[in-house]
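The values are calculated or read from the model by the stated rules, or taken from the named source; none is laboratory data. Computed from a predicted model, the values in this text were never measured in an experiment. Reconstructed Cβ throughout: ideal geometry from the backbone, glycine too, with neighbour counts over all protein chains shown. Surface accessibility is based on the protein's heavy atoms, side chains included, excluding ligands, DNA and RNA. Shrake-Rupley method; radii C 1.70, N 1.55, O 1.52, S 1.80 Å.
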Amino acid sequence: MSRWLKSGLLSSLVFLAACQQPEPVEEPVDETVEPELVLPDQLQLIPAHWDALRDWQSADPLDGISAFLRSCERWQGWADDRPLNPRAEWAGTVGDWRAACAAAMLAGSDAASRRAALEAAFQPIRITAIAEDETVEPADTGLLTGYYEPFVEVRERADSEFSQPLRRRPDDLVTVDLGRFDETLAGRRLVGRVEGGELVFYRDRDEIERQDRGDVIAWGRPIDVFFLQIQGSGRLVYPDGHQERAAFVAHNGLPYRSIGRELIRRGELERHAASKQGIERWLNANGPEATAELFAVNPRYVFFQTQPLTDPDLGPAGSAGLPLTPMASIAVDTSHHAHGVPIWLTADLPELDTWSGLVVAQDSGGAINGAIRGDFFWGWGSDAERRAGTTRAQASWYVLLPTAVAQRIIDATPPA
């Protein structure tokens, strides 16, 4: 390929990428509506001491260590010089994390020994956010929302109640990994279809339904299927009690539009009532035609694949390709963070007041944007659903980095 042709191709791809969602994996999308704010979006790393971590001395990091070790297992086949994330160079390379993984594996059988093992292998670094615009105040905390894996009742055939299909990925949907053309675009993808030898946008939600694109897996209630698409995965429950997982496999590449914001714009809901529960009440009250019309406002459409539920104690796979751990996995913005990094998180969580614990960055998503923006995985079941629906808190972040990685940050930090 000539240099001119390659340059022109990459320029076109970058332009198209700006029109698409950067993340290929479906994310927990926050339907709760708040006023749009200008927030600081540049990550800032500040060396810290262990005594700065709230409740560290009384906590048991067992679940967080278990989640971290799953990331370590994934890194085993990676080259030592491979970055955890080229867009988050501060996190270092896989080789930088080998010793930390070994230390976590030998962390001991009680809370005190587990904390001691982490203290010997890691160094806490505070995460805050700043902005280029000096009129925007720095932020010490960031928005934390919650998500969960829903149980969704389904049927093998449609009826008046179970009338909404869950669809598999259509054969004509194409995903392009831009990192194959330019390593600086690693992690960015285009989604579309080929028409006349060109890649064009894929069909929107309304067209997919009208043209019956994608084989039907099962039929669910319209409300349940829509929110399953928002969560990105769920457990399908058939009348005989059989369960299987509906896992995200692709979306149509079109932008997500909040139906909560649309109901506020129309004057149908007050801002304080535009939660998942409030939207669901509106849908139930207004019937199937109004439901279909409102759903069509959001052009984004999510396709699924089914997986056997071989271990019901494991969560769905996040975008890092690993099972999520309840209350120990979070979704992050991968333009700022690397998957696999442990984080000491403190936030006021529903029914738990001020909670602190060890979580691991193992998921991501188009609605999770910002240096200190996270989505907390609660698990599955009614408690997880209830808590996820009301999680909206300010959280403080301390990443735990291997000592060598942290030392590079410390050496580059100017004296206070």
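Using the scaling law 2.2 N^0.38 Å as the reference, what is the normalised Cα Rg of segment 302-416?
Computed over Cα atoms of segment 302-416, the ratio equals 1.18.
With equal scatterers on the alpha carbons only and no solvent term, can you work out the Debye log10 of I(q)/I(0) for segment 104-167 at 0.12, 0.13, 0.24, 0.25 1/Å?
Summing over Cα pairs of segment 104-167 leads to -0.75, -0.76, -1.04, -1.04.
Relative to the longest principal axis of the C-alpha atoms of the chain, give the angle of the C-alpha long axis of helix 222-231, reported between 0 and 90° and rounded to the nearest 10°.
Once rounded, one gets 20 degrees.
Once the Cα atoms of helix 3-19 and of the chain are each reduced to a long axis, what angle between those two axes, in degrees from 0 to 90 to the nearest 10, is obtained?
Relative to the chain, helix 3-19 is tipped by roughly 70 degrees.
Taking just the C-alpha trace of segment 176-262, give me its Rg and Dmax in Å.
16.2, 50
Quick one: Debye curve from the alpha-carbon atoms of segment 350-416 only, equal weights, vacuum; give me log10 I(q)/I(0) at q = 0.25, 0.26 Å⁻¹ to two decimals.
-1.30, -1.35
Given a 1.4 Å probe, how much area per residue of the chain is accessible, in Å²? Spell out each step's value before the answer.
Details: 19560 Å² over 416 residues.
Per-residue accessible area for the chain comes out at 47 Å².
Using the Cβ atoms and a cut-off under 11 Å, what net charge is assigned to the surroundings of ILE372, where Lys and Arg are +1 and Asp and Glu are -1?
Counting the neighbours of ILE372, the net charge comes to -1.
Mind jotting down the distance between the C-alpha centroids of segment 361-378 and segment 313-336, whole Å?
If you average the Cα positions of each part, the centres end up 9 Å apart.
What is the distance in Å between the Cα centroid of segment 338-352 and that of segment 145-172?
First find each Cα centre; the distance between them is then 30 Å.
First compute the accessible area of the chain with a 1.4 Å probe, then give the percent of it belonging to carbon and sulfur atoms.
Carbon and sulfur: 49 percent of the exposed surface of the chain.
For ARG114, what is the net charge nearby, where nearby means another residue's Cβ is under 13 Å from its Cβ and Lys, Arg count +1, Asp, Glu -1?
-3
From Cα coordinates alone, what are the radius of gyration and Dmax values for segment 210-343 in angstrom?
Computed over the Cα atoms of segment 210-343, radius of gyration and Dmax are 16.8, 46 Å.
For the chain, what does the helix formula give at 222 nm: sum of -39500 (n - 2.57) over DSSP H segments with n ≥ 4, over the residue count, nearest 500 deg cm²/dmol?
Per the formula, -8500 deg cm²/dmol.
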